[in-house]
């Protein structure tokens with residue numbers, strides 16, 4: 001402020017050779033604080049355009065600006081660069097304009113719009129690597145861990161015995177306990193079952209699935225006219241029905257009261273044995289299996305897209321072979337039932353905890369895939385590839401379906417750990433996938449299919465293949481007790497696991513036959529191996545059936561010849577048509 005009370009524009013102040021003017025300005029600034037207050041008011045009233053022109057206009061002469069704190073704040077607030085007389089800085093020229101800070105974020109052009117949950121996806125990858133470290137598998141893969149056995153007689157039954165031998169004594173013990181309790185209450189004596197007879201009972205259940213006898217009445221199977229000889233030679237019909245009636249897997253008087261208590265003990269044993277004999281490949285699959293159970297009980301779960309109702313089992317399987325590695329069953333309405341995304345993510349973490357740190361990839365559908373699960377698996381040394389529901393909150397608006405999208409077009413979004421892709425295979429149809437395994441926007445084929453989608457299609461059949469193979473030769477029979485249904489499904493799973501281990505160990509067996517027939521023959525020989533010990537101790541009544549169960553078929557033996565009688569044998573009648581056989 002000059003002596004007449006007028007304000008002075010700081011940008012117009014120039015250094016004059018007269019030293020007295022400088023001293024006068026310094027003296028005026030020290031006398032009163034009103035100068036600083038008035039200068040702050042002046043700072044707010046200065047228009048941006050005029051100040052911009054004054055700051056950017058190149059002076060004709062060398063000018064030295066006065067450096068005040070309020071002046072520095074003015075330039076910072078108005079996003080200007082304070083001119084400096086330093087010789088080290090580059091001079092301002094038309095080809096080298098001064099740098100400016102623009103309003104807003106410069107990186108907004110590199111990102112899609114923010115999703116509902118605040119997630120931001122980048123349009124370009126963070127890292128461009130052909131083979132990132134997350135794809136390197138740690139440890140062995142695709143190995144069978146079965147000790148070498150010499151002179152394995154009926155080796156098909158041996159492979160199934162790897163899974164059933166620890167379970168059969170448990171089932172035998174609790175079945176005898178229940179039968180003795182019921183028989184003692186009515187004043188009768190129960191003939192105990194041993195492990196050999198229980199193995200034969202299981203062998204008949206396996207043959208029941210191979211021969212498609214699931215819907216046939218038991219009375220017809222044991223009839224003389226329409227029956228099956230091996231069933232009749234193994235045990236009587238009444239004995240089979242009694243074992244099926246008293247079949248138990250726990251002591252119901254001392255169980256813990258949980259929904260899975262009737263089968264919890266044998267279920268834990270099977271889950272412990274499944275990953276023991278096979279090391280899976282680099283890709284694993286997580287999906288649901290529904291054990292069909294149409295009766296109205298408290299232990300059913302309604303699944304519209306798979307079955308009308310049933311027992312829900314979530315399996316972790318090897319994606320290439322379908323080998324079941326671990327399962328979590330949910331029976332009835334339970335607090336642990338995976339009814340929401342967080343609970344399903346916890347289920348996946350529990351299933352895969354045995355493979356943390358191996359860099360394996362987990363394949364799952366939209367019921368399990370989430371961004372939180374991808375981050376949790378990444379923190380534990382695993383990756384994920386799966387489809388994503390369009391209602392997930394982490395999806396940006398640009399990825400959602402719209403009518404203007406071209407067919408075979410893809411939109412990629414990238415975060416530090418995951419990649420999101422939206423692909424349109426057909427008009428007005430869209431597929432959304434999330435992967436923490438892939439980091440680049442790669443496409444292939446005539447339809448420009450994303451590599452993420454191709455990888456998902458190649459590894460997704462894990463649990464679905466298990467369910468399909470089980471249904472082909474299932475040993476399920478109509479029964480009103482869900483624990484029996486659950487146990488029969490365990491037999492199917494154990495039979496499939498034994499078959500996969502068998503084919504991995506002996507890759508040259510039955511190469512000339514179809515895969516379906518190969519598995520049928522394997523299960524048939526397995527069932528015969530389980531039945532044989534029980535038939536052998538029933539001689540001479542069951543001696544006629546023994547030659548057909550040998551590796552090299554022989555002529556049928558007669559009961560009299562087996563007993564060593566030297567008398568002539570009378571002419572016998574055929575049990576089918578009553579015609580003379582001799």
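The values are calculated or read from the model by the stated rules, or taken from the named source; none is laboratory data. The model shown is predicted, which means the values in this text are computed figures rather than measured ones. Note that each Cβ is placed from the backbone with ideal geometry, even for glycine, and that neighbours are counted across all protein chains shown.
Here are the numbers:
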| item | result |
| --- | --- |
| Options 368, 356; residue that is surrounded by 13 or more Cβ atoms within 10 Å (Cβ to Cβ), within 27 Å of residue 468 (Cβ to Cβ) and modelled with pLDDT of 90 or more | 368 |
| Selection within region 221-243 - in a helix (DSSP H, G or I) and either without any contact (Cβ under 8 Å) to a residue 24 or more places away in the chain or within 30 Å of residue 322 (Cα to Cα) (or both) | 221, 232, 237, 238, 239, 241 |
| Subset tally (residues that are at pLDDT 90 or above and either over 19 Å from residue 474 (Cβ atoms) or assigned to a loop (DSSP other than H, G, I, E, B) (or both)) for region 276-313 | 11 |
| Of all residues making up region 197-220, the number that are assigned to a helix (DSSP H, G or I) and without any contact (Cβ under 8 Å) to a residue 40 or more places away in the chain | 3 |
| Subset of region 462-473 (residues that are surrounded by 20 or more Cβ atoms within 10 Å (Cβ to Cβ) and more than 30 Å from residue 433 (Cα to Cα)) | 473 |
| Some residue of region 180-196 being touching a residue at least 40 places away in the same chain (Cβ under 8 Å), within 18 Å of residue 529 (Cβ to Cβ) and part of a helix (DSSP H, G or I) | yes |
| Scope region 419-436; condition part of a loop (DSSP other than H, G, I, E, B) and modelled with pLDDT of 90 or more; matching residues | 436 |
| Positions within region 354-363 being touching a residue at least 60 places away in the same chain (Cβ under 8 Å) and out of contact with any helix residue (DSSP H, G or I) (no Cβ under 7 Å at 6 or more places or on another chain), in sequence order | 355, 357, 358, 360, 361 |
| Residue 174 over 31 Å from the mean Cα position of the chain (by Cα) and at pLDDT 95 or above | yes |
| Failed condition for residue 438, given (1) within 16 Å of residue 119 (Cα to Cα); (2) in contact with a helix residue (DSSP H, G or I) (Cβ under 6 Å, 6 or more places away or on another chain) | (1) |
| For residue 392: the one exception among (1) without any contact (Cβ under 8 Å) to a residue 60 or more places away in the chain; (2) under 21 Å from residue 461 (Cα atoms); (3) assigned by TED's automatic domain parsing to the domain that holds residue 436 | (2) |
| Checklist (1) at pLDDT below 80; (2) surrounded by fewer than 21 Cβ atoms within 10 Å (Cβ to Cβ); (3) not in a loop (DSSP other than H, G, I, E, B) applied to residue 268, failing item | (1) |
| Criterion (assigned by TED's automatic domain parsing to the domain that holds residue 537, surrounded by fewer than 17 Cβ atoms within 10 Å (Cβ to Cβ) and either closer than 27 Å to residue 146 by Cβ or touching a helix residue (DSSP H, G or I) at 6+ places or on another chain (Cβ under 7 Å) (or both)) met by exactly one of 225, 241 | 241 |
| Some residue of region 397-404 being part of a loop (DSSP other than H, G, I, E, B) and within 18 Å of residue 454 (Cβ to Cβ) | no |
| Subset of region 471-498 [within 18 Å of residue 328 (Cβ to Cβ) and outside any helix (DSSP H, G or I)] | none |
| Single residue of 233, 185, 223 found to be under 21 Å from residue 536 (Cβ atoms) and more than 43 Å from the chain's Cα centre (by Cα) | 233 |
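The rows are residues; the columns are (1) out of contact with any strand residue (DSSP E or B) (no Cβ under 7 Å at 6 or more places or on another chain); (2) touching a residue at least 40 places away in the same chain (Cβ under 8 Å); (3) buried (at least 20 other Cβ atoms within 10 Å of the Cβ).
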site: 417; (1), (2), (3): yes, yes, no
site: 436; (1), (2), (3): no, yes, yes
site: 439; (1), (2), (3): no, yes, yes
site: 452; (1), (2), (3): no, yes, yes
site: 457; (1), (2), (3): yes, no, no
site: 460; (1), (2), (3): no, yes, yes
site: 477; (1), (2), (3): yes, yes, no
site: 492; (1), (2), (3): yes, yes, yes
site: 495; (1), (2), (3): yes, yes, yes
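Residues are listed down the side, and each one gets a yes or a no for (1) at pLDDT 80 or above; (2) loosely packed, with under 11 Cβ neighbours inside 10 Å:
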position	(1), (2)
107	no, yes
110	no, no
115	yes, no
119	yes, no
125	yes, no
129	no, no
133	no, yes
